[in-house]
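Written below as structure tokens is the structure these notes are about.
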Amino acid sequence: MTKLIVDSNNIGLRLDKYLSNTFSELSRTHVVKLIDEGNVFVNGKEAKGSLKLKENDVIEIEIPEVKELEIDKEDIPLDIVYEDKDILIINKPQGMVVHPSNGHNEHTLVNAILFHCHDLSGINGVSRPGIVHRIDKDTSGLICVAKNDSAHMALADQLKDHTMSRTYIALVRGVILENTGEINLPIGRDPNNRQKMGVTRTNSKEAITYFKVLKRYKDHTLVECHLKTGRTHQIRVHLSYIGYPVEGDPLYSGKKFDTLYKKGQLLVATSLKLIHPSTHEEMEFHIELPSYFKEVLNQLEE
């Protein structure tokens, strides 16, 4: 545990900025992660990155030892939408985990990327090389990978200030009457099930999802969702909370949920917009709905 005492030169500085300035070897992304995971205390209490510091504040920071995972390169085919020296845009299939974890260190997107690319950003550590953002195992669609640290930092900043935007298409249970809507409800870890997130005021973060109805069916609605924030399971949690769970979602649809599709939630990241980290050109990428999603829609049409 490292202890720091704030001097008069840093009064009013945000905690995350102060730590980034103090520990030059830590990226801002790493600092934010340390704070979010409860490894930073101010005057004996867990603190948020936005905390404005006062003179003589006592900061304690614990930097966990990185557990190196042995990650093998695997020759797994990738659906590459775009690639250059800085970024890689991939259409991730449903059922593929993005990055390895303890007990699950093979057949992931990272294993496939390591086989495809010789160099990747190392900012997120050995288990998540190049991974700027992630999507759930059973959510398919567009994901951006950084090939170097400079690109990674630029893209991470875009995620933070919302200049990178992601659009999803979801099929939900129930008929949504509103044509458009905003769901502004904080999301945090479900204290009763660590695999789930939930709408809560305790240890939560702001979460905002915008939706637009694309088509209504007898008992379903096809919606387009745009994220202002990017919390874990955000769309799935928000839509379930307002009474319209994503079709096929086993985690947020209740025990008695009878689904049309049994291989995972019908949620696809169909569009991605970003500023290229080197050329500063605005770029947009789009994909069609996958065949399994279209087949379900065809059933509903019939």
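The values are calculated or read from the model by the stated rules, or taken from the named source; none is laboratory data. What you are looking at is a predicted structure, and each value in this text was computed from that prediction instead of being measured. Positions of Cβ are backbone-derived with ideal geometry, glycine not excepted, and every protein chain shown enters the neighbour counts. Heads up: the accessible areas ignore ligands, DNA and RNA and are worked out on the full protein's heavy atoms, side chains in. Shrake-Rupley method; radii C 1.70, N 1.55, O 1.52, S 1.80 Å.
Across segment 1-43, which residue is least open to solvent (accessible area, probe 1.4 Å) among those that are within 13 Å of ILE63 (Cβ to Cβ) and hydroxyl-bearing (Ser, Thr, Tyr)? The extreme case among them is SER27. Screening the candidates ASN91, ASN43, ASN124 for the property of being farther than 13 Å from VAL145 by Cβ and either at pLDDT below 90 or not hydrophobic (A, V, I, L, M, F, W, C) (or both) yields one hit, ASN43. In the set (1) at pLDDT 95 or above; (2) within 18 Å of ILE169 (Cα to Cα); (3) within 18 Å of the chain's Cα centre (by Cα), the condition left unmet by LEU274 is number (2). Selection over segment 203-248 of residues that are closer than 18 Å to GLN299 by Cα and assigned to a loop (DSSP other than H, G, I, E, B) gives a count of 5.
Of everything listed in (1) part of a helix (DSSP H, G or I); (2) open to solvent by less than 30 Å² (accessible area, probe 1.4 Å); (3) among the aliphatic types (A, V, I, L, M), the single unmet condition for ILE89 is (1). Each residue in segment 46-73 was checked for being hydrophobic (A, V, I, L, M, F, W, C) and at pLDDT 85 or above, and 6 of them qualify.
For segment 158-179, a tally of residues being under 14 Å from VAL223 (Cα atoms) and open to solvent by 90 Å² or more (accessible area, probe 1.4 Å) returns 3.
Filtered by the rule that a residue be out of contact with any Leu (no Cβ under 9 Å at 6 or more places or on another chain) and open to solvent by 40 Å² or more (accessible area, probe 1.4 Å), segment 283-302 gives GLU288, SER291, LYS294, GLU295, ASN298, GLU301, GLU302. Look at LYS273 and say whether it is part of a strand (DSSP E or B), in contact (Cβ under 8 Å) with a residue 40 or more places away in the chain, open to solvent by 30 Å² or more (accessible area, probe 1.4 Å) and among the basic types (Lys, Arg). Yes, satisfied.
Each residue in segment 131-157 was checked for being hydrophobic (A, V, I, L, M, F, W, C), open to solvent by 10 Å² or more (accessible area, probe 1.4 Å) and not in a loop (DSSP other than H, G, I, E, B), and 3 of them qualify. Is it the case that VAL58 is surrounded by fewer than 16 Cβ atoms within 10 Å (Cβ to Cβ), without any contact (Cβ under 8 Å) to a residue 60 or more places away in the chain and farther than 28 Å from ALA154 by Cα? In short, yes.
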